[in-house]
Amino acid sequence: MERTFVMIKPDGVQRNLIGKIISRFEDKGYRIVAMKLMQVTRDLAERHYEEHRGKPFFESLIDYITSGPVVVMVLEGKDVVAGVRKMNGATNPAEAAPGTIRGDYALDIGRNVIHGADSVESAQREISIYFKEEELLNYEKVTEKWIYE
Ligand code: DAT
Ligand code: MG
């Protein structure tokens with residue numbers, strides 16, 4: 001089963017959106033296989049976002065991600081990488097469709113509430129940055145026979 005990496009960013013935590021955001025993913029049918037509240041260090045943030053190093057917004061992105069606690073999680077499900085990206089909405093909330101997380105809860109690109117890995121390879125890399133193998137749980141939910149045919 002495919003896995004993705006998701007982060008509720010510091011603004012999402014401060015604005016009491018943790019429960020609402022997790023509910024959206026649960027309601028969709030994705031299974032949470034790992035989750036924790038944590039403070040991201042600059043070193044960790046720079047590793048996470050290394051593809052953006054040198055871009056004009058890099059330093060403010062690192063300041064933002066390290067500005068307070070975040071919730072990180074690993075979600076599992078059919079086509080979960082693309083599915084979560086769709087649920088998150090466009091990177092710039094000004095362009096994110098209503099009904100998406102960024103479309104419903106954000107206004108500025110530098111306060112866009114949520115992160116989701118952009119490919120299966122990115123997901124694997126990001127999961128390994130934020131989680132140890134033993135933090136990823138293997139279990140089944142009884143509802144899954146009503147979610148998958
Ligand atoms: P995404 O988070 O949708 O994967 P990304 O990987 O291109 O988007 O960028 C990572 C984060 O960096 C993004 O959530 C917000 C910030 N960012 C991206 N492009 C930006 C820009 N042009 N100006 C300011 N911040 C930007
Ligand atoms: Mg990205």
Flag if Asn92 is under 15 Å from the mean Cα position of the chain (by Cα), at pLDDT 95 or above and within 15 Å of ligand 2 (Cβ to nearest atom): no
Complete set of residues in the range 107-137 that are more than 14 Å from ligand 2 (Cβ to nearest atom), of a type in the set (Asp, Glu) and open to solvent by 80 Å² or more (accessible area, probe 1.4 Å): Asp108, Glu133, Glu134
Take the residues in the range 59-69 that are open to solvent by 10 Å² or more (accessible area, probe 1.4 Å) and within 16 Å of ligand 2 (Cβ to nearest atom); name whichever of them is farthest from the chain's Cα centre (by Cα). Ser60
Scanning the range 126-149 for residues that are in contact with a helix residue (DSSP H, G or I) (Cβ under 9 Å, 6 or more places away or on another chain) and assigned to a helix (DSSP H, G or I), which turns out farthest from Gln39 (Cα to Cα)? Glu126
Only one of (1) modelled with pLDDT of 95 or more; (2) more than 16 Å from ligand 2 (Cβ to nearest atom) does not apply to Glu140, and that is (1)
Listed by first then second residue, the pairs whose first member lies in the range 103-118 and is in contact (Cβ under 8 Å) with a residue 40 or more places away in the chain and of a type in the set (D, E, K, R), whose partner is open to solvent by less than 80 Å² (accessible area, probe 1.4 Å) and more than 10 Å from ligand 1 (Cβ to nearest atom), with beta carbons under 6 Å and at least 6 positions apart or on separate chains, are Arg111/Asp11
Filter result (farther than 14 Å from Ile129 by Cα and among the hydroxyl-bearing types (Ser, Thr, Tyr)) within the range 1-56: Ser23, Tyr30
Identify, please: which residue in the range 36-57 is free of Cβ contacts under 8 Å to residues at least 40 places away in the same chain and surrounded by 16 or more Cβ atoms within 10 Å (Cβ to Cβ) and is, among those, nearest to ligand 1 (Cβ to nearest atom)? Tyr49
Being open to solvent by 30 Å² or more (accessible area, probe 1.4 Å), within 12 Å of ligand 1 (Cβ to nearest atom) and not in a helix (DSSP H, G or I) is the filter here, so list the residues in the range 87-106 that pass it. Ala90, Thr91, Asn92
Restricting to the range 1-31, what's the tally of residues that are of a type in the set (Asp, Glu) and open to solvent by less than 50 Å² (accessible area, probe 1.4 Å)? 1
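So which of Val84, Val72 is within 16 Å of ligand 1 (Cβ to nearest atom), open to solvent by less than 10 Å² (accessible area, probe 1.4 Å) and part of a helix (DSSP H, G or I)? I'd like the intermediate steps shown before the answer.
Details: Val72 fails: part of a helix (DSSP H, G or I).
Answer to the check: Val84.
The values are calculated or read from the model by the stated rules, or taken from the named source; none is laboratory data. Since the structure is predicted, the reported quantities are computational estimates derived from the model, not experimental observations. So basically every Cβ, Gly included, is an ideal-geometry build from the backbone, and we count neighbours across all protein chains shown. Calculation scope for accessible area: heavy atoms of the full protein, side chains included, ligands and nucleic acids excluded. Shrake-Rupley method; radii C 1.70, N 1.55, O 1.52, S 1.80 Å.
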